[in-house]
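The values are calculated or read from the model by the stated rules, or taken from the named source; none is laboratory data. On a predicted model such as this, the values are computed, not experimentally measured, just so you know. A quick note on method: Cβ atoms are made from the backbone with ideal geometry, for glycine too, and the neighbour counts reach across all protein chains shown.
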């Protein structure tokens, strides 16, 4: 490996080294605070190594991996998500009986798998990154062994993820049999001329099933509410953001270069996935009394919104997807951050009754949660509003009028259940005294920072838009 290759790959290498260092530390000396510090140092080191790597892009490192502005942008999002989840997890795990150190090892491996995904340009690296991410999530979901629901959620995720991987592998094999290549660029070139090839159509259908499971698109969404409810709150935050974001970034690279509107079978499949996800996600959330399940169904709807921009054409589509994902990351991390901070030693704060009267007990925390929910609803002056604006603009620019109308209608439905949670925050509580325990300074500071970023992206989006356009122009 040349020095240039090493520098380009340094963000991935630093995370791999950090995971090994954490493993060695656990083997010789168990210390929660040292493990957290080492994890944070590895994530920060990997983030800062993105800057020297940016001076060398685009660079193909073997036929499997490409480091360009696109992959570096998404690596930055994933690393920041990992950093936030690490900080939130410290106080969450400190109050539980489980040995907390292995949690950070698994989290670093999940971050590593996500980073490989966003830089993959071949089916082999795609599947390798996906499995490193998914296998780590199996254990993270079931990490709190004293909670029966956590174990159940981990088992469900294990079984269904294994089935989806089988669909994905078989689909890859059929695409290779039909097109004779596993490189994304060549697949995009050949897909439009193979519209009548049964192997290719079947292969893409099976591949979409596998990807649809990872993104929790309807009808592959059934695992999502149970896993979000059973998983520790910081893990649910990671699944909702970095995990789904990495897979969607991979999907955009995989099929972003193909003219999907010219390849009607694939276009219709994704259109149906988008419509059903937007409608089912928002409608099912209306009937939930559990905050984590509401956020789970909300994430299904938001991925449906993203597919609208994905199906659009032109430069605006890629910009809309990337901006929306960045806004979605900040919002979901902030929402689950509040859930994490309010969670007790035995149970997560997931019932709506747990939030009753929070505006009186913890007004600043209630304010942050309100801001995050309003951003998910797409209210102006938040990042969520600008994200939906760009998605609608991309859809309208490509004349996807049916999808745009359904997006607007389903967003109106979503506004109801977001405001229902906000209303609960301001209702009188069962007791006048504060029903929640002490809030950790690090976690509280992190949620405040997320709220500030949320407003900044909503009021001044041009900085991120210019950064995204620069990254998209360097896609290799």
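Suppose we filter 299, 274 for residues that are closer than 28 Å to residue 82 by Cα, within 14 Å of the chain's Cα centre (by Cα) and modelled with pLDDT of 90 or more; which single one remains?
Just a single option satisfies the conditions, and that option is 299.
If we scan the stretch 146-155, do we find a residue that is over 19 Å from residue 64 (Cα atoms), in contact with a helix residue (DSSP H, G or I) (Cβ under 6 Å, 6 or more places away or on another chain), buried (at least 23 other Cβ atoms within 10 Å of the Cβ) and modelled with pLDDT of 90 or more?
no
If I filter the stretch 284-299 for residues that are free of Cβ contacts under 8 Å to residues at least 40 places away in the same chain, at negative phi and not in a helix (DSSP H, G or I), do I get at least one hit?
Checking the stretch 284-299: at least one residue is free of Cβ contacts under 8 Å to residues at least 40 places away in the same chain, at negative phi and not in a helix (DSSP H, G or I).
Can you list residue pairs whose Cβ atoms sit under 6 Å apart, with the first residue in the stretch 53-67 being more than 18 Å from residue 124 (Cβ to Cβ) and the second being assigned to a strand (DSSP E or B)? Count only pairs 6 or more apart in sequence or on different chains.
57/67; 59/67
Which is without any contact (Cβ under 8 Å) to a residue 60 or more places away in the chain and surrounded by fewer than 22 Cβ atoms within 10 Å (Cβ to Cβ), of 103, 48?
Every option except 48 fails the conditions.
Just give me the residues in the stretch 6-31 being under 30 Å from residue 58 (Cα atoms), free of Cβ contacts under 8 Å to residues at least 40 places away in the same chain and over 24 Å from the mean Cα position of the chain (by Cα), in sequence order.
6, 20, 21
Taking the stretch 119-132 as the region of interest, how many residues are surrounded by 24 or more Cβ atoms within 10 Å (Cβ to Cβ) and assigned to a helix (DSSP H, G or I)?
So the count comes out to 4.
Evaluate the following for residue 169: is it within 24 Å of the chain's Cα centre (by Cα), modelled with pLDDT of 85 or more and within 18 Å of residue 250 (Cβ to Cβ)?
Answer is yes for this residue.
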